[in-house]
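Read the figures in this text as sums done on the coordinates, not as results from a lab. All values derive from a computational prediction rather than experimental measurement. Here the Cβ positions follow ideal geometry from the backbone for every residue, glycine too, while neighbour counts run over all protein chains shown.
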Amino acid sequence: MRQISKGFLACLCLAWGTASAQVTEATITADGTGMTRDEAVAAALANAAGQAFGIQLDAASVSHTFGAEAVTNGESETLMVNAVNKVVTQAVNMPANNPILGYSIDSLSEGYANTWDATITLRYAKFERLGADTNRRSVIVVTSDKRHQDLLTTTVAESLVASRRFDVLNRRNDKLFEAEKAFIQGGDAAVSEVARLSQAEGADYLLVAELQGLSIRNNMRETIRMTGEVLVRSAVSGTLRLEVIEFASRKVKWSGSQKFGATYEGVSSIGAATLSRLIGDASGKLMDNLIASIYPIRVVKVMGDVAIINRGEGSASVGETYAVFLMGEELVDPQSGESLGAMEVEAGIGKITEVKPKFSFLKMATGSLDANAEYIVRKTDKKVPAAAAPSRPRQPAQSKPQAPSRKDSFLNN
């Protein structure tokens, strides 16, 4: 069997140079033994591909696929690569992905008992995920509301993204994804770009959004008898309900509802932008409750009378008031064994003074914090006590001047 030509490898290297930094080329070396040269190389390729993708491959399957390819197209020097790609994509269920880029034969020799030994170095495309690994759960927003489907899923997803607590998955814009997929599989993209395909994730949670009791009353008119003036107004009201369902178990992990509504004088109809804003406000309030129940606000660092909390832009605002609680002993339900949370003791109250993209500064107005203790934080309506005005030193009392006595007057004359 012939080795892949230097020209083909050079083309792959040139194409690789234009690839994005998130798609990397990896190599792995493996040995194989067979009754023929081709079988030895196929066995080495199967071993290498198995190690690269964490699967078990049968060398006989690679040889069989290679044999079928050779019958139909015996002039290509990439038959073995095609054969390995077919076996790999079937094993990892990635039919659109051909991750094997090429290989080189390091050694090929005839061994004992008419067998052949081969050592090859396999080159394959590897996709590196963007950013650092996180423990965020993935969520997809869904709804059964056909009329307001796009508005609901888009508005609620924006609130989720702003919370910075979940990885929000996109299931819309399928045509755009298919167009990009076709480009990657086409001749203009680098060969290694195929590693981007078949990387979509499934959702940990389904966030089901529903509009309940939605009422839109447009162009309501009222005529004033004395003047004949016609007053126009429009009104909208309803309830947004959100429900978080764990995909694997189908358990409802959280649910909540938030009413919304408004009346607009001089407006003949409620537009999509107005409805989106009202739903967005309701979604934001529900998201605060959702995040607080799953990911309570925590103090990350204490610097004197300033605490850094793990909420940033979109989740905290300058001037908001928060109560800080010292976390104590965890309580456990004796019947179910379920954690009831930790005992909490209020440690003080503070205000947000500065908001960064992922954290905020909380200036304590009352109480003091220990840098080695654990604290959780919650919004509060309590008023931050105003700083006491500095006391002024008391001036000595001045006595009222007394009229001179007749004796003094007489002596001074």
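The fewest-to-most ranking of Val324, Val355 by surrounding Cβ atoms within 10 Å reads Val355, Val324. For the peptides 157-168, 311-322, residues were scored by their other Cβ atoms within 10 Å and the scores averaged per peptide; the highest-first order is 157-168, 311-322. Between Lys358 and Glu313, the built amide H atoms are under 5 Å apart, and every one of these is 5 or more places off in sequence or on another chain.
Using a cut-off of 14 Å between beta-carbons, work out the net charge of the residues near Ala52 (Lys and Arg +1, Asp and Glu -1, Ala52 not included).
Working: positive: Arg123, Lys126; negative: Glu25.
Residues near Ala52 contribute +1 overall.
Of the peptides 235-247, 252-264, the order by per-residue mean of other Cβ atoms within 10 Å, starting with the highest, comes out as 235-247, 252-264.
Relative contact order for region 218-337: what percent, with Cα pairs under 8 Å and sequence separation of 6 or more? Don't skip to the answer; put the middle values down first.
Details: 130 pairs, mean separation 21.4, N = 120.
Relative CO of region 218-337 lands at 18 percent.
Which pairs in the list Lys251/Lys383; Lys285/Lys383; Lys146/Lys382 are over 32 Å apart, alpha-carbon to alpha-carbon?
Details: Lys251/Lys383 39 Å; Lys285/Lys383 21 Å; Lys146/Lys382 42 Å.
Over 32 Å Cα-Cα: Lys251/Lys383; Lys146/Lys382.
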